[in-house]
Amino acid sequence: MRILVIEDELQLSGHVCRALSRHGHILRAESDGAVGLQAALSDPPDLVILDLGLPTMDGLEVLTRLRQTSRSLRVLILTARGEVGHRIKGLTAGADDYLGKPFAMDELVARVEALGRRGAGAASEDVLKVGDLHMNVRDHKVARAGKPIPLSPREFEVLKVLMQEPGRTFSRTELCERVWQRDHQYETRTVEIFITRLRRKIETDFGVPLIHTVRTVGYAISEVSPAGFKPPTPPRA
């Protein structure tokens, strides 16, 4: 992929560029928000890695202007760890993913690769599939083994996030941010409630579980149980 890094910490920017170059990506780096925006508009990359705290023009403004011209350009934002409100604003403004600083370079590479796979499948993104579970994103319809499954709008959104990246484990916090997109504190217990509802609807009558709880991390959807899988606790009679 052609990747544009807009980051004013030059040492960090260099580390990011070298790490991603080793994985076959083509990198360009800018340290100024306005200059980075112009670079993205004049020669659109496949992915932008965007810091929020930038000189001349902050990252949220850069993201907002990018989204005015392109909805398909993938954007991963970088934020200082603990800035939950900023991460939510970034996702609400149209970012595809975020990563808190400091971060492990291996995680950044993994997230970039995941965004690359998502972009490669963009042409068929209207239909998501995990095993015999099918979702038509445009028509808001879900079926398993050909049987229609009615979902509430919020259940649909939670399931869509999981199905967009099968096998990836999402934390409860990230699911909250992606689905509810609230700019204030929220109760991650809400995610557990919706996961329970989804399991009841898409698994009870079909035998094979698809949504997995990963110990101490969160949830993933997959035909195969991921490492750290913890079976859900059966409901009390």
Inset, instruction - Residue by residue through the range 139-171, note down the ones that are closer than 14 Å to Leu210 by Cα and free of Cβ contacts under 8 Å to residues at least 12 places away in the same chain. - result: Ala143
Legend entry - Which numbered condition Leu54 misses (of (1) in a loop (DSSP other than H, G, I, E, B); (2) over 19 Å from Asp32 (Cβ atoms); (3) touching a strand residue (DSSP E or B) at 6+ places or on another chain (Cβ under 8 Å)): (2)
Legend entry - Selection within the range 94-110 - within 16 Å of Leu73 (Cβ to Cβ) and charged (D, E, K, R): Asp96, Asp97
Legend entry - Subset of the range 19-51 [farther than 16 Å from Gly116 by Cα and not hydrophobic (A, V, I, L, M, F, W, C)]: Arg28, Glu30, Ser31, Asp32, Gly33, Gly36, Gln38, Ser42, Asp43, Asp51
Legend entry - strands (runs of 3 or more DSSP E) wholly inside the range 121-230 that include at least 1 residues being out of contact with any helix residue (DSSP H, G or I) (no Cβ under 9 Å at 6 or more places or on another chain) and at pLDDT 85 or above: 127-130, 133-136, 141-144, 211-214
Inset, instruction - Of all residues in the range 71-98, count the ones that are modelled with pLDDT of 80 or more and either assigned to a loop (DSSP other than H, G, I, E, B) or in contact with a strand residue (DSSP E or B) (Cβ under 6 Å, 6 or more places away or on another chain) (or both). - result: 12
Legend entry - Options Ala80, Ala19; residue that is surrounded by fewer than 16 Cβ atoms within 10 Å (Cβ to Cβ), among the aliphatic types (A, V, I, L, M) and within 23 Å of Val109 (Cβ to Cβ): Ala80
Inset, instruction - Within the range 193-221, work out how many residues are under 17 Å from Glu157 (Cα atoms) and of a type in the set (Ser, Thr, Tyr). - result: 2
Inset, instruction - Tell me which residues, restricted to the range 1-45, are touching a residue at least 24 places away in the same chain (Cβ under 8 Å) and of a type in the set (Lys, Arg). - result: Arg2, Arg28
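The values are calculated or read from the model by the stated rules, or taken from the named source; none is laboratory data. These figures come from a predicted structure and were not determined experimentally. We place every Cβ from the backbone using ideal geometry, glycine too, and count neighbours over all the protein chains shown.
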